[in-house]
Amino acid sequence: MTARLQRLRADALAAVDGAADAAALEQVHVSFLGRKGALTEILRGIGGLAPEDRPRVGAEANDVREAVEAAADARGIALRGSEVTARLLRESVDVTTPGRRIARGTRHPLAETIAEIDEVFGRFGFVVYEGPEVEDDVTNFQMLNIPVDHPARDLWATLYVDIDDHLLRTHTSPGQIRVMRETRPPIRALLPGRCFRYEAVDASHGFEFFQVEGLMVDEGTSLADLRGLLDEFAHALFGATRATRFRPGYYPFTEPSVAFDVECVVCDGAGCPACGRSGWMTILGAGMVHPVVLRSGGIDPERFQGFAFGMGVDRIAMLRHGVHDVRLFMENDLRFLEQFR
Ligand code: 2NL
């Protein structure tokens with residue numbers, strides 16, 4: 001019996017040492033120590049021994065069990081350790097590998113231009129307001145001194161909405177009417193926004209476009225104040241030494257009305273195809289707010305005067321970036337947009 005036990009001990013220890021992984025070790029455990037294992041079989045035979053031999057053989061069997069279990073535990077720990085090591089090697093991360101670049105969006109050139117315009121006029125105390133894109137005929141036209149059936153209506157090819165006397169605003173001026181009616185002078189308001197017109201699209205006209213308008217109303221506001229402000233604006237956007245000029249213009253809502261020109265940003269005034277060889281480019285329209293319009297806004301023209309100006313954002317953005325077709329701003333072609341970083 002003792003000899004069998006010692007052989008079993010030697011075989012089991014050898015098998016434990018030879019187990020290559022956790023599954024093999026479990027197999028060894030079952031075959032030697034399990035319910036149908038070799039050691040259990042020997043223990044079952046103890047009953048057939050002489051009573052005086054039983055305690056000694058039982059103790060020996062327990063020694064063997066303990067020795068094999070201890071060896072199996074130690075082997076298990078060693079195997080788990082090498083498995084972890086192997087896995088760490090297999091799954092290691094090379095932290096020196098260059099990262100994958102994250103694609104970042106860019107600000108749309110029109111949004112960027114509006115932000116720049118807001119910033120410059122903000123320096124002079126102008127506050128940004130926004131009005132609705134769907135307006136009524138009264139606010140979009142009549143309050144701006146453009147009565148029903150007035151020939152000046154032909155200046156705006158209008159898109160009508162299927163609700164009585166509503167339309168898509170043709171300029172942001174109705175928003176300024178709202179500001180006049182909702183606040184009190186002194187007013188320094190800036191209105192950026194999307195406008196619409198019923199027109200065929202070509203390189204310089206879209207059916208929707210962005211406009212920024214400005215409005216100042218106070219006691220004693222003059223055309224000279226307008227001129228000084230617009231000079232600052234032109235210098236901020238197109239260079240500190242750029243010459244500017246006023247020319248006479250016409251809008252129903254301003255009197256007098258002016259066109260504001262800057263020295264051509266392409267040829268610096270020498271004359272080129274971009275400026276029609278005149279050396280000048282018109283960047284916005286402006287004027288002193290017509291007394292009828294001040295009254296529409298609930299403001300007494302005997303006490304307060306105002307100036308207003310309006311510019312097409314696409315035109316400003318085109319001049320700043322040398323873009324020659326407004327359609328590019330609305331197509332959202334990434335090959336175009338990615339150039340504005
Ligand atoms: C242009 C010219 C202009 C205005 C807009 C305005 C608004 C009110 C009263 C008076 Cl509430 N005027 N706006 C004035 C002159 C010109 O825009 O060509 N924009 C693209």
### Selection count, segment 22-70, where residues are under 60 Å from the mean Cα position of the chain (by Cα) and surrounded by fewer than 11 Cβ atoms within 10 Å (Cβ to Cβ)
1
### Message
Going by what's in this entry, would Val266 be described as of a type outside the set (S, T, N, Q) and either within 13 Å of the ligand (Cβ to nearest atom) or out of contact with any helix residue (DSSP H, G or I) (no Cβ under 7 Å at 6 or more places or on another chain) (or both)?
### Response
no
### Query
Which one of the conditions (1) surrounded by 13 or more Cβ atoms within 10 Å (Cβ to Cβ); (2) under 30 Å from Met330 (Cα atoms) does Ala103 fail to meet, given that it meets all the rest?
(1)
### Query
Residues in segment 245-262 that are surrounded by fewer than 21 Cβ atoms within 10 Å (Cβ to Cβ) and either near the ligand (Cβ under 8 Å from one of its atoms) or free of Cβ contacts under 8 Å to residues at least 60 places away in the same chain (or both): how many?
11
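Do we find that Gly285 is at pLDDT 95 or above, within 13 Å of the ligand (Cβ to nearest atom), crowded, with 21+ Cβ neighbours inside 10 Å and part of a strand (DSSP E or B) in this structure? Break it down into steps so the answer makes sense when it comes.
Numbers: at pLDDT 95 or above: yes; within 13 Å of the ligand (Cβ to nearest atom): yes; crowded, with 21+ Cβ neighbours inside 10 Å: no; part of a strand (DSSP E or B): yes.
For Gly285, the condition - at pLDDT 95 or above, within 13 Å of the ligand (Cβ to nearest atom), crowded, with 21+ Cβ neighbours inside 10 Å and part of a strand (DSSP E or B) - is not met.
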### Search result, residues across segment 141-183 that are assigned to a helix (DSSP H, G or I), at pLDDT 85 or above and either surrounded by fewer than 14 Cβ atoms within 10 Å (Cβ to Cβ) or not β-branched (Val, Ile, Thr) (or both)
Gln142, Met143, Leu144, Ser173, Pro174, Gly175, Gln176, Arg178, Met180, Arg181, Glu182
### Message
Go through (1) crowded, with 16+ Cβ neighbours inside 10 Å; (2) within 15 Å of His108 (Cα to Cα) for Arg341 and report which single condition fails.
### Response
(1)
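Could you run through segment 222-239 and say how many residues are among the small types (Gly, Ala, Ser) and either touching a residue at least 40 places away in the same chain (Cβ under 8 Å) or surrounded by 15 or more Cβ atoms within 10 Å (Cβ to Cβ) (or both)?
Taking segment 222-239 as the starting set, the residues that turn out to be among the small types (Gly, Ala, Ser) are 222, 224, 228, 234, 236, 239.
Still in the running and either touching a residue at least 40 places away in the same chain (Cβ under 8 Å) or surrounded by 15 or more Cβ atoms within 10 Å (Cβ to Cβ) (or both): 222, 234, 236.
Of the residues in that region, 3 qualify.
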### Task
Looking only at segment 230-243, decide whether some residue is touching a Gly at 6+ places or on another chain (Cβ under 6 Å) and of a type in the set (Val, Ile, Thr).
no
#### Entry: Neighbours by Cβ (under 6 Å, 6+ apart or cross-chain): first from segment 285-302, more than 17 Å from Gly220 (Cα to Cα); second in a strand (DSSP E or B) and near the ligand (Cβ under 10 Å from one of its atoms)
Gly285/Gly249; Gly285/Ala259; Gly285/Gly310; Ala286/Val258; Ala286/Phe260; Ala286/Phe309
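The values are calculated or read from the model by the stated rules, or taken from the named source; none is laboratory data. Note that the coordinates shown come from a computational prediction; the quantities given were computed from them, not determined experimentally. Positions of Cβ are generated from backbone atoms using ideal geometry, with glycine treated the same way; all protein chains shown enter the neighbour counts.
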